[in-house]
Amino acid sequence: MKFFIDTANLDEIKEASSWGLVDGVTTNPSLVSKENISFHDLISQICHLVDGPVSAEVVGTIYQDMYREAHILADIHTNVVVKIPLIPEGLKTVKLLTKEGIKTNVTLCFSATQALLAAKAGATYISPFVGRLDDISANGMDLIRDIRLIYNNYQYQTQILTASARGPLHILEAAKIGSDVVTMPFKVMMQLAKHPLTDIGLEKFLSDWRKTQENQPA
Ligand code: E4P
């Protein structure tokens, strides 16, 4: 399963990449609005930090605007994946961009039928938002299960990119279901490595080691 980092913060991207765990980056207009840098410069800098797909989202809501923005974004770097909202005008845009060889990530997916439409339009990635479904007492991971089943049934090549992951359990479930990719905030990536027994065990090993060294004859 590929790990994408869900942030537009260059320091977080640098740090997570230094661990060798980042296969790609996802951004969205809300994440970009937190950074004090122009959108295009930011995407270009991210593409130079990470050698993998970098999702950059359009903000138009009609086909003509989304199509124009998509080309501007795709021209920034070959690794840019154009993020398009899951609305009818968006699907129309995805169909055309796919024909032109431009990669797309269809975002704001909340139902399996929406995911089916994105696959039929030829999307490279579908981004179902699990955390936001959990927030309204629905089960986000059930959506990933349904999409996996449907895509397997028809051998759709669209990759499932589990998004809006809020904690390690979302990552674990996504891996068990067979999500192709999961995108997560920096904090969640760090949480994956943490275990209290690892910290306690390491502390004990090191203190035992120090005692042995102190008892060595001079
Ligand atoms: C996905 O690409 C989105 O950027 C993201 O995962 C949304 O997460 P949130 O629901 O925590 O804002």
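Every number here is computed from the coordinates shown, using simple stated rules; none is lab data. Keep in mind the model is a prediction, meaning the values are calculated, not measured. So basically every Cβ, Gly included, is an ideal-geometry build from the backbone, and we count neighbours across all protein chains shown.
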Selected residue (criterion: nearest to the ligand (Cβ to nearest atom)) from residues of the range 150-176 that are farther than 15 Å from LEU192 by Cβ and of a type in the set (S, T, N, Q): SER164
Qualifying positions in the range 17-56 - away from the ligand (no atom under 15 Å from the Cβ) and over 18 Å from HIS77 (Cα atoms): SER17, SER18, TRP19, GLY20, LEU21, ASN36
Residues of the range 160-205 satisfying the condition of being β-branched (Val, Ile, Thr) and closer than 21 Å to SER55 by Cα: ILE160, THR162, ILE171, VAL181, VAL182, THR183, VAL188
Lone unmet requirement of (1) buried (at least 18 other Cβ atoms within 10 Å of the Cβ); (2) more than 11 Å from the ligand (Cβ to nearest atom) for ASP142: (1)
Residue list for the range 14-51, restricted to those being touching a residue at least 40 places away in the same chain (Cβ under 8 Å) and in a helix (DSSP H, G or I): GLU15, ALA16
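Report whether or not VAL188 is part of a helix (DSSP H, G or I) and within 13 Å of the ligand (Cβ to nearest atom). Full working, then the answer.
Numbers: part of a helix (DSSP H, G or I): yes; within 13 Å of the ligand (Cβ to nearest atom): yes.
Here the answer is yes, as VAL188 does meet what is asked.
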Breaking point among (1) farther than 23 Å from ARG148 by Cα; (2) in a helix (DSSP H, G or I); (3) more than 12 Å from the ligand (Cβ to nearest atom); (4) in contact with a helix residue (DSSP H, G or I) (Cβ under 9 Å, 6 or more places away or on another chain), for GLU69: (4)
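Considering only residues that are of a type outside the set (A, V, I, L, M) and touching a helix residue (DSSP H, G or I) at 6+ places or on another chain (Cβ under 6 Å), which ones fall in the range 134-150?
Restricting attention to the range 134-150, the residues satisfying the condition of being of a type outside the set (A, V, I, L, M) are 134-135, 137, 139-140, 142, 145-146, 148.
Those that are of a type outside the set (A, V, I, L, M) and touching a helix residue (DSSP H, G or I) at 6+ places or on another chain (Cβ under 6 Å): ASP134, GLY140, ARG145, ASP146, ARG148.
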Flag for SER111 being touching a residue at least 24 places away in the same chain (Cβ under 8 Å), surrounded by fewer than 24 Cβ atoms within 10 Å (Cβ to Cβ) and of a type in the set (Gly, Ala, Ser): yes
Residues being farther than 11 Å from ALA123 by Cβ and in a strand (DSSP E or B) - total across the range 141-165: 2
Given (1) within 16 Å of the ligand (Cβ to nearest atom); (2) assigned to a loop (DSSP other than H, G, I, E, B); (3) touching a helix residue (DSSP H, G or I) at 6+ places or on another chain (Cβ under 8 Å); (4) free of Cβ contacts under 8 Å to residues at least 60 places away in the same chain, index of the condition SER179 fails: (4)
